[in-house]
Amino acid sequence: MDLSKTLPTMVPCRICGGTVYECLDFGRQPLSNGFLKPEDVPHERYYRLAVGICTACTMVQQVHEVPRQLMFHDGYVYRASGSSLMRKHFEHYAEHLLATDLNGEDKFLVEIGCNDGVMLRAIHEAGVRHLGVDPSGGAARVAEENGIRVRIDFFERATAADVRAKEGPADVIFSANTISHIPYLDSVFGGVDALLAPQGVFIFEDRYLGDIIARTYFDQIYDEHFYLFSVESVRAAAEQYGFQLVDAEHMPVHGGSIRYTVARPGVREPSASLLALLEQEREMQLGRHETFAGFAGRINGIRDDLVRLLKDLHGDGKRILGYGATSKSATVTMFCGIDSGLVPYICDTTPGKQGRLAPGSHIPVRTPDAFRDPYPDYALLFAWNHADEIMAKERTFREAGGRWILYVPDVHVI
Ligand code: DWN
Ligand code: SAH
Ligand code: ZN
């Protein structure tokens, strides 16, 4: 499959109505969190995964939309609290908010996409009024069992207006790794407008396009990630919907993310860090279609190198297992054609994934105990964003002579 096209598809931009030129086509892909029982395999559905860039506002977005109720529902398996790194990340940020924007009488925080309550836990324990909004009932009920208040619902204009009517204005609307999942950003910002207090802030963090391109994190592209945000495209979107982007802070989580702060115009001064990131993006030419041609070439190179390495090792009689049945891994296995012939199973701590087949590749998912029974010669680390945590946990694998295979920013063995 060739990722670069000479005559790209064009669709209207979901944000500004400008023209989106398709620049990457990953072809047929399954639901990235659609872990299957064997009897479900014949009914598995596939979608075309392609992204394009808007020539007017530079927003990188998918060309086709997967219906939201197929991705986010009671059976959504991802549990955000599964990583100690991410638990600490959100605990620290909750403490920061408690000392700043949530410091005062009867403050109210709403989180969009709270999942199992990884961030709201500290807010709840501090006794601050809060509400999580998340359509994935299974994850939300884990939060509820810990005393966190959740509305099992999609955040959009109507939901937000209803929350405002019942609970009053929010001082902070927070979201992590969720706003990029919502194609209908006009309704999200309309909801923020309905719910946010006049001096309030809308803070959200998400994977950063600059890091995705610079380090060839092509597996961050999958059904749920409808948008790949840059600071410039978020600035333009906020303005389009009557808000102002006032801060952008670069962070290392998930391979590189940005925490954006949006407010009503004039409420806060734009920060120096925001202006510096905008300047850096202009130098990188992040908003240009041509930038994606180089990206596409590097993705094809990774696929060729990875498939060659796995086939050579397999041919030499080496045993290779997968580690971390991430959403990202669906893009890798499908795009590279990796199946259970090369990687007999993937080990993962998530109960809802264990005993199931990974979407698309149908590679079985097993518990981390199966990793030690016996250790493989090589482990393909799909959860590369948790490398430190996983490698520390599996120290004896490396000490016993095992090797990790990573495929970003290039294929290498450590
Ligand atoms: O944006 C999203 C992020 C926040 O989470 C969602 N669209 C879906 C999901 O993406 P992902 O599946 O790529 O997330 P992670 O956090 O990279 O997934 C890590 C996977 O690895 C989980 O299935 C848990 C597993 N894991 C493990 O087996 N042992 C993780 C750790 C830390 C471990 O020690
Ligand atoms: N905030 C957590 C979870 C991210 S996973 C973290 O950073 O790790 C994305 C979450 O967004 C899922 O729990 C999903 O159910 C939720 N989500 C998807 N669309 C949403 C919407 N329109 N409104 C609120 N939550 C949504
Ligand atoms: Zn646009």
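The values are calculated or read from the model by the stated rules, or taken from the named source; none is laboratory data. Predicted, not measured: the structure shown is a model, and the values here were computed from it. With ideal geometry, Cβ positions are generated from the backbone for all residues, glycine too; neighbour counts draw on all protein chains shown. Surface accessibility is based on the protein's heavy atoms, side chains included, excluding ligands, DNA and RNA. Shrake-Rupley method; radii C 1.70, N 1.55, O 1.52, S 1.80 Å.
Filter segment 149-170 down to residues that are open to solvent by 70 Å² or more (accessible area, probe 1.4 Å) and assigned to a loop (DSSP other than H, G, I, E, B) and give me whichever is farthest from ligand 3 (Cβ to nearest atom).
149
Which ones in segment 283-303 are open to solvent by 70 Å² or more (accessible area, probe 1.4 Å) and either outside any helix (DSSP H, G or I) or without any contact (Cβ under 8 Å) to a residue 40 or more places away in the chain (or both)?
Matches in segment 283-303: 283, 285, 288, 290.
In segment 176-190, what residues are over 12 Å from the mean Cα position of the chain (by Cα) and either modelled with pLDDT under 95 or near ligand 2 (Cβ under 9 Å from one of its atoms) (or both)?
184, 187, 188 - these are the residues of segment 176-190 that are over 12 Å from the mean Cα position of the chain (by Cα) and either modelled with pLDDT under 95 or near ligand 2 (Cβ under 9 Å from one of its atoms) (or both).
So residue 8 clears everything in (1) at pLDDT below 95; (2) part of a helix (DSSP H, G or I) except one condition, right? Which one?
Condition (2) is where residue 8 drops out.
Is it the case that residue 115 is touching a Ser or Thr at 6+ places or on another chain (Cβ under 8 Å) and without any contact (Cβ under 8 Å) to a residue 40 or more places away in the chain? First the steps, then the outcome.
On the way: touching a Ser or Thr at 6+ places or on another chain (Cβ under 8 Å): yes; without any contact (Cβ under 8 Å) to a residue 40 or more places away in the chain: yes.
Yes.
Those residues that are away from ligand 1 (no atom under 16 Å from the Cβ) and among the β-branched types (Val, Ile, Thr), I need them from segment 18-76; list them, please.
If the condition is that a residue be away from ligand 1 (no atom under 16 Å from the Cβ) and among the β-branched types (Val, Ile, Thr), then 19, 20, 41, 53, 55, 58, 63 are the ones that fit.
If you take the residues of segment 213-259 that are of a type in the set (Asp, Glu) and surrounded by 24 or more Cβ atoms within 10 Å (Cβ to Cβ), which of them is nearest to residue 381 (Cα to Cα)?
Here the answer is 219.
Restricting attention to segment 197-212, which residues are out of contact with any His (no Cβ under 6 Å at 6 or more places or on another chain) and open to solvent by 10 Å² or more (accessible area, probe 1.4 Å)?
Selection gives 197, 198, 199, 211.
Select from segment 332-364 the residues that are within 19 Å of the chain's Cα centre (by Cα), β-branched (Val, Ile, Thr) and more than 16 Å from ligand 2 (Cβ to nearest atom) and write down the one among them that is farthest from residue 221 (Cα to Cα).
Going through the qualifying residues, I end up with 333.
Which of the residues belonging to segment 108-130 are surrounded by fewer than 20 Cβ atoms within 10 Å (Cβ to Cβ) and under 17 Å from residue 166 (Cα atoms)?
Of everything in segment 108-130, just one residue is surrounded by fewer than 20 Cβ atoms within 10 Å (Cβ to Cβ) and under 17 Å from residue 166 (Cα atoms), namely 129.
Out of all the residues in segment 347-366, which are near ligand 1 (Cβ under 9 Å from one of its atoms) and under 15 Å from residue 320 (Cβ atoms)?
Matches in segment 347-366: 347 only.
On the basis of being open to solvent by less than 70 Å² (accessible area, probe 1.4 Å), of a type in the set (Gly, Ala, Ser) and in contact (Cβ under 8 Å) with a residue 12 or more places away in the chain, does residue 263 make the cut?
Against the criterion (open to solvent by less than 70 Å² (accessible area, probe 1.4 Å), of a type in the set (Gly, Ala, Ser) and in contact (Cβ under 8 Å) with a residue 12 or more places away in the chain), residue 263 qualifies.
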